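The values are calculated or read from the model by the stated rules, or taken from the named source; none is laboratory data. None of the values given here were measured: they were computed from a predicted structure. Note: ideal-geometry Cβ built from the backbone for every residue, glycine included; neighbour counts use all protein chains shown. In case anyone asks, the SASA skips ligands and DNA or RNA and just uses the protein heavy atoms, side chains included. Shrake-Rupley method; radii C 1.70, N 1.55, O 1.52, S 1.80 Å.
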Amino acid sequence: MVVVLNGKTAELSAEINTVRDLLASYSLQEKIVVVERNGEIIDRSRYEQTPIADGDRIEIVHFVGGG
């Protein structure tokens with residue numbers, strides 16, 4: 001499946017079906033992130049139930065601490 005991920009076209013493997021799967025594929029499942037799918041911010045509690053479909057536009061914002 002092909003999606004637009006953070007503004008770039010990305011081909012996802014067949015094992016990635018949900019937002020949680022996507023985050024796990026980038027080792028982000030335990031990090032503080034905000035995920036937007038097709039213009040809608042997805043609540044963290046819904047990552048496992050939120051499907052990803054061909055053509056979706058997904059934005060992932062990952063917070064990095066520093067000083």
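From the list Asn6, Asn17, which one is at positive phi and either touching a residue at least 24 places away in the same chain (Cβ under 8 Å) or loosely packed, with under 15 Cβ neighbours inside 10 Å (or both)?
Checking each option against the conditions leaves just Asn6.
In the list Gly39, Gly65, which residue meets the criterion of being without any contact (Cβ under 8 Å) to a residue 24 or more places away in the chain, farther than 17 Å from Asn6 by Cβ and loosely packed, with under 13 Cβ neighbours inside 10 Å?
Gly65
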Could you say which residue among Glu11, Glu30, Glu48 is open to solvent by 100 Å² or more (accessible area, probe 1.4 Å), charged (D, E, K, R) and modelled with pLDDT under 95?
-> Glu30
Residues (among the aliphatic types (A, V, I, L, M) and in contact with a Ser or Thr (Cβ under 9 Å, 6 or more places away or on another chain)) located in the stretch 1-48 | Met1, Val2, Val3, Leu12, Ile16, Val19, Val35, Ile42
